[in-house]
Amino acid sequence: MKKLEAGARKLGLHLTSRQLEQFEIYYQELASWNKRINLTAITSYEEVQLKHFLDSLSVTLALRQPQITTELRLIDIGTGAGMPGLPLKILHPGIKLVLLDSIAKKAAFLHHLKDRLELDDVEIVVGRAEEIGQAVQYREGFELVVSRAVAHLATLVELTLPFCTIGGSFIALKKGNIEEEVTAASRAISLLGGKLREVKKVSLEEFTDQRQLVIIDKVSPTPKLYPRRPGIPTKRPLG
């Protein structure tokens with residue numbers, strides 16, 4: 001995990017030997033399970049360290065220091081193979097993490113991985129964000145909501161902001177030129193109770209593409225109408 005360790009250091013993060021061991025286990029399990037179910041197209045040892053693990057840890061650039069406490073509730077929407085949620089949990093083992101994905105096979109991998117990594121306070125939920133976002137036990141229950149490579153921003157804010165408590169934040173991990181995408185999502189952000197704080201560039205030489213963090217603060221309640229029923233946020237974005 002030398003590439004990950006060096007990249008993390010540039011983020012101001014010093015990974016312990018135990019954390020590096022957990023990332024090594026994560027990679028081995030990901031590579032093994034990926035032969036049976038489609039978890040990722042990125043499988044090489046070096047690329048997983050950078051394009052998955054380091055990319056996930058870049059979320060820390062968007063966090064205000066007081067945000068990371070043992071009481072922090074974090075949900076990863078459309079988590080897939082567990083990113084960025086699980087790398088953040090490895091980094092800060094005290095946080096309370098929920099991983100949400102609609103595909104049961106991926107959830108089976110996450111259950112196995114959670115046990116292999118010996119992580120506590122990790123809940124794995126199978127379901128659509130449109131439906132889980134209306135459930136009382138999850139709605140507006142998280143100080144931090146994250147999502148990576150899931151949908152266009154106007155759609156994504158409808159799937160994520162309902163989970164975010166007032167005073168909390170949603171962070172979207174994005175790539176490429178997203179100026180138009182952010183502009184198109186401005187109405188949706190406002191309607192759902194959010195306020196754009198910043199689009200922060202991730203400036204690391206390990207990334208040859210343009211990676212950015214879209215940081216949205218939750219400033220008012222999300223109207224009960226949202227999220228709309230499954231499929232509608234994608235077909236008819238609020239932009």
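The values are calculated or read from the model by the stated rules, or taken from the named source; none is laboratory data. Here the structure is a predicted model, which means the values were calculated and not measured. Please note: Cβ atoms are built from the backbone with ideal geometry, for glycine as well, and neighbour counts cover all protein chains shown.
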- [ ] Go over the candidates 145, 98 one by one and state the one that is closer than 26 Å to residue 18 by Cβ, buried (at least 21 other Cβ atoms within 10 Å of the Cβ) and touching a residue at least 40 places away in the same chain (Cβ under 8 Å).
- [x] 98
- [ ] Would you point out which residue out of 5, 21 is surrounded by 14 or more Cβ atoms within 10 Å (Cβ to Cβ) and free of Cβ contacts under 8 Å to residues at least 12 places away in the same chain?
- [x] 21
Task: Residue identified as of a type in the set (Gly, Ala, Ser), farther than 30 Å from residue 135 by Cβ and out of contact with any Phe, Trp or Tyr (no Cβ under 6 Å at 6 or more places or on another chain) among 203, 190 - done: 203
Task: Matching option when the condition is touching a Pro at 6+ places or on another chain (Cβ under 8 Å), hydroxyl-bearing (Ser, Thr, Tyr) and on the phi < 0 side of the Ramachandran plot, among 44, 17, 56 - done: 56
Open item on the list: One residue is enough: does the stretch 199-219 have a residue meeting the conditions in a helix (DSSP H, G or I), surrounded by 16 or more Cβ atoms within 10 Å (Cβ to Cβ) and not charged (D, E, K, R)?
Closed with: no
Task: Hey, residue 130 modelled with pLDDT under 95 and surrounded by 15 or more Cβ atoms within 10 Å (Cβ to Cβ) or not - done: no
TODO: Give the residue that is farthest from the chain's Cα centre (by Cα), with candidates limited to residues of the stretch 181-198 that are free of Cβ contacts under 8 Å to residues at least 24 places away in the same chain and over 13 Å from residue 152 (Cβ atoms).
DONE: 190
Open item on the list: When you scan the stretch 220-232, do you find a residue that is in contact with a Lys or Arg (Cβ under 7 Å, 6 or more places away or on another chain), surrounded by 13 or more Cβ atoms within 10 Å (Cβ to Cβ) and outside any loop (DSSP other than H, G, I, E, B), even just one?
Closed with: no
Task: Scope the stretch 120-142; condition free of Cβ contacts under 8 Å to residues at least 60 places away in the same chain and within 23 Å of residue 58 (Cα to Cα); matching residues - done: 120, 121, 122, 123, 124
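Report the residue count in the stretch 151-193 for those that are in a loop (DSSP other than H, G, I, E, B), touching a Ser or Thr at 6+ places or on another chain (Cβ under 9 Å) and buried (at least 18 other Cβ atoms within 10 Å of the Cβ).
Residues in the stretch 151-193 being in a loop (DSSP other than H, G, I, E, B), touching a Ser or Thr at 6+ places or on another chain (Cβ under 9 Å) and buried (at least 18 other Cβ atoms within 10 Å of the Cβ): 4 in total.
For residue 29, state whether it is assigned to a helix (DSSP H, G or I), within 19 Å of the chain's Cα centre (by Cα), surrounded by fewer than 23 Cβ atoms within 10 Å (Cβ to Cβ) and not aromatic (Phe, Trp, Tyr).
Details: assigned to a helix (DSSP H, G or I): yes; within 19 Å of the chain's Cα centre (by Cα): no; surrounded by fewer than 23 Cβ atoms within 10 Å (Cβ to Cβ): yes; not aromatic (Phe, Trp, Tyr): yes.
So residue 29 fails the test.
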